[in-house]
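Visitor: Here's a structure for you.
The values are calculated or read from the model by the stated rules, or taken from the named source; none is laboratory data. These numbers come from a predicted model, not from an experiment. Don't worry about glycine lacking a Cβ; one is built from the backbone with ideal geometry, like all the others, and counts go over all protein chains shown.
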């Protein structure tokens, strides 16, 4: 029975990872479309205008868009290739910036503004960067879906008060979660949503369960705070990378 349960858990983790990669690829496809339009428009501008100033502007914009595309490609390839559970000292600030790069268009489309508060003295976390990015993308998409009429998401990264953990907070100004539903929020296949929204995301009941499993594997903690009509906050605590943990 134990062997069968382990096999089912392994298959569930694989399903969760594939679902996350599918959502990431879908998001990146829309971003690439925007980038290609930018490149095409500025290429036409450079062809039409033969003065040096116009061409320099066009080439700079094309370069910026190409670098953005390369960054998105690197992020997706890393998620697709790296199935390892290994952990190393990780800059969560960079993870946050990468997530913002991938979701910038989506947030703008749904009239959601994102505020970042990243304390520069925050230490590295002992983490698997790809897995933490999965958690962050899931929380950000959930937050966006909780604000169908737009709103604000706050992403805060700072050292925890005890200096043993790095604290990552994702807070939205959305609808909030009823008190009676909070105890089951991390249960597999339990969802507060009716189903995927128009973007095709959410509603499977796997996302938050996977987030908790990932944070538990990091020997960290995740909790939710929510008030109906005022919004929801997910608070993650991930162990700080020390010389001893890095060596281990």
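Visitor: In the range 86-100, what residues are part of a helix (DSSP H, G or I) and either in contact with a helix residue (DSSP H, G or I) (Cβ under 6 Å, 6 or more places away or on another chain) or at positive phi (or both)?
Guide: Listed by number, the residues that qualify are 95, 98, 99.
Visitor: A further question follows. Kindly evaluate residue 58 against the criterion of being assigned to a helix (DSSP H, G or I), surrounded by 15 or more Cβ atoms within 10 Å (Cβ to Cβ), outside the structural domain of residue 131 (by TED's automatic domain parsing) and touching a residue at least 24 places away in the same chain (Cβ under 8 Å).
Guide: Values: assigned to a helix (DSSP H, G or I): yes; surrounded by 15 or more Cβ atoms within 10 Å (Cβ to Cβ): yes; outside the structural domain of residue 131 (by TED's automatic domain parsing): yes; touching a residue at least 24 places away in the same chain (Cβ under 8 Å): no.
The answer is no for residue 58.
Visitor: A further question on this structure: Just to verify a result, which residue in the range 184-231, among those that are more than 30 Å from residue 90 (Cα to Cα) and at pLDDT 85 or above, is surrounded by the fewest Cβ atoms within 10 Å (Cβ to Cβ)?
Guide: Filtering first and then ranking leaves 229.
Visitor: Also, quick follow-up: For the range 161-175, how many residues are surrounded by 18 or more Cβ atoms within 10 Å (Cβ to Cβ) and at pLDDT 90 or above?
Guide: Qualifying residue count for the region: 9.
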